[in-house]
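Chemist: Okay, here's the structure, questions in a sec.
Every number here is computed from the coordinates shown, using simple stated rules; none is lab data. Since we're looking at a predicted model, the values are computed, not measured. Note: ideal-geometry Cβ built from the backbone for every residue, glycine included; neighbour counts use all protein chains shown.
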Amino acid sequence: MIKAIELLKAKSQIVGLVPTMGALHAGHLALVERALKKNDRVVVSIFVNPTQFDNSDDLKKYPRTLEKDVALLQTLSKDKILVYAPTVDDVYEGKTVSESFDFDGLEFEMEGRFRNGHFDGVGTIVKRLFEIIKPDSAYFGEKDFQQLQIIKKLVEKHDLPVTIVGCPIYRETSGLAMSSRNTRLKPAYKKAAPFIYKTLKTAKIKFGTKSANKVTEWVESQFAKQPLLKLEYFIIADEATLKTVKRKLNKKTYRAFIAVYADDIRLIDNIALN
Ligand code: PAF
């Protein structure tokens, strides 16, 4: 990959990067399609990064479908996409540990509270991928909105020469946010899971007239009635700082964030509120 990138750079080719953990779905393909429009070549990295998992069972069960992923990418382009699917040793060179980062507090909110060391793992792998691929731009989905904000912070703080492009959440027709983990949902849970987005949409309407606290209480009461879904958190936060809203201010942009367990599968989603 390093040699391939050197050759592309020598020919002044513009390179886009779509980092993934594989088990590609339509949401990933939309990122790749967007990248194909703006770059001469697009590198899709497929790597289940061990350092961002705090749950060894989740890491073990994470779907791995490399051949199918490559076949899907070939439907988008036969010659503009490069797949980078390294081994753990290629990336970590025998030391599978994270660097430790300061993301100005963004890392302590939401996912950071529930997934120990997660964002150090994400920061480590994304920084490493940027060093190897040297992309002009890199594409990330807004489903992991906190991750997107943290990667923007990583680029700003480390002065990395890459433009970060955030792309809208891709949803199944049921409204469920696309995720590689959805393939692991048993039928009853798959049927229950669209309740997450349905609730987010109603929460958005309620936020027009009610306080963040009242909306949060309402969401919690709705999930208490759902036997198959266990709410981990629902938070209304300032988009820039990711801090929970205490009092609504006109000039701020807010977003609601949610994490829910469907069986042992953790699903996250979010919605822009204004
Ligand atoms: O969003 C993901 O799939 C992962 O967190 C990423 C950005 C590919 C890093 O492993």
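Chemist: Whole-Hz ³J(HN,Hα) for each residue in the stretch 53-64, computed from phi via Karplus 6.51 cos²θ - 1.76 cosθ + 1.60 with θ = phi - 60°, x for glycine and proline: what do you get?
Modeler: Result, ordered by residue: 9, 9, 10, 5, 5, 4, 4, 5, 8, 4, x, 10 Hz.
Chemist: Okay, moving on. Per DSSP helix of 4 or more residues, -39500 (n - 2.57); summed, then divided by the residues of the chain. What does that give at 222 nm, rounded to the nearest 500? Don't jump to the answer; show the numbers that get you there.
Modeler: Working: 11 runs with 108 residues, N = 274.
Taking each H run of at least 4 residues, the total per residue is -11500 deg cm²/dmol.
Chemist: Here is a further query. From the residues LEU59, PHE195, HIS158, which one has its Cα farthest along the dipole of the chain in the positive direction, the dipole being from +1 and -1 charges on Cβ of Lys/Arg and Asp/Glu about the Cα centre?
Modeler: Working it through, the farthest residue towards the positive pole turns out to be PHE195.
Chemist: Determine the alpha carbon to alpha carbon distance for each of LYS206/LYS243; LYS225/LYS248; LYS61/LYS153; LYS9/LYS95; LYS61/LYS152 and list only those over 22 Å. Intermediate values should be presented prior to the final figure.
Modeler: Details: LYS206/LYS243 20 Å; LYS225/LYS248 28 Å; LYS61/LYS153 30 Å; LYS9/LYS95 29 Å; LYS61/LYS152 29 Å.
Violating the 22 Å limit, Cα to Cα: LYS225/LYS248; LYS61/LYS153; LYS9/LYS95; LYS61/LYS152.
Chemist: While we're looking at this one, here's another question. SER12 to LYS248: FRET efficiency via 1/(1 + (r/R0)^6), r the Cβ-Cβ distance, R0 45 Å, to the nearest 0.05?
Modeler: Numbers: r = 48 Å, r/R0 = 1.07.
With a Förster radius of 45 Å, E is 0.40.
Chemist: Related question: So what are the ³J(HN,Hα) numbers for the stretch 41-48, from phi and the Karplus equation (6.51, -1.76, 1.60; θ = phi - 60°), rounded to whole Hz, Gly and Pro as x?
Modeler: Once θ is set to phi - 60°, the couplings for the stretch 41-48 become 9, 10, 9, 10, 8, 10, 7, 7 Hz.
Chemist: Follow-up. Based on Cβ point charges of +1 for Lys and Arg and -1 for Asp and Glu, what charge dipole magnitude is obtained for the stretch 60-131 about its Cα centre, in debye rounded to the nearest 20?
Modeler: Details: 11 positive and 14 negative charges, 97 e Å.
About 460 debye.
Chemist: Cα atoms only: what Rg and Dmax, in Å, come out for the chain?
Modeler: 19.0, 60
Chemist: Still on this model: With contacts defined as alpha carbon pairs under 8 Å and 6 or more residues apart, what's the relative contact order of the stretch 19-102 in percent?
Modeler: Contact order relative to length: 38 percent.
Chemist: Hey, another quick one. Magnitude of the Cβ-charge dipole of the chain, K/R +1 and D/E -1, about the Cα centre, nearest 20 debye? All intermediate terms of the calculation are to be shown ahead of the outcome.
Modeler: Values: 45 positive and 34 negative charges, 251 e Å.
Using Cβ point charges on Lys, Arg, Asp and Glu, the chain gives about 1200 debye.
Chemist: Could you tell me which residue out of VAL215, ALA23, THR244 lies farthest along the dipole of the chain toward its positive end? Charges go on the beta carbon: Lys and Arg +1, Asp and Glu -1, centred on the Cα centre.
Modeler: VAL215
Chemist: Also, quick follow-up: Rounding to the nearest 20 debye, state how big the charge dipole of the stretch 1-57 is about its Cα centre with +1 on each Lys and Arg Cβ and -1 on each Asp and Glu Cβ. Intermediate values should be presented prior to the final figure.
Modeler: On the way: 7 positive and 5 negative charges, 93 e Å.
Dipole size: approximately 440 debye.
Chemist: Continuing with the same structure: Once all Cα-Cα distances of the stretch 1-142 are split into 10 Å bins that start at 0, what whole-number percent is in each one?
Modeler: Over the stretch 1-142, the share of Cα pairs per 10 Å bin runs 11, 39, 36, 13, 1 percent.
Chemist: Here's something else I'd like to know. What are the ³J(HN,Hα) values, in whole Hz, obtained from phi via the Karplus relation 6.51 cos²θ - 1.76 cosθ + 1.60 with θ = phi - 60°, for each residue of the stretch 229-243 in sequence order, with x given for Gly and Pro?
Modeler: The phi angles translate into 10, 10, 6, 8, 8, 10, 9, 9, 9, 5, 4, 7, 9, 6, 7 Hz.
Chemist: Continuing with this model, one more query. Tilt of helix 145-158 relative to the longest C-alpha principal axis of the chain, in degrees (0 to 90, nearest 10)?
Modeler: Helix 145-158 sits at roughly 50 degrees to that axis.
Chemist: May I ask you to list the aspartates and glutamates whose Cα is less than 15 Å away from that of LYS204, ignoring any residue fewer than eight positions away on the same chain?
Modeler: LYS204 reaches GLU217, GLU220, ASP238, GLU239, ASP269.
Chemist: From Cα coordinates alone, what are the radius of gyration and Dmax values for the stretch 135-217 in angstrom?
Modeler: So, for the stretch 135-217, Rg and Dmax equal 16.7, 47 Å respectively.
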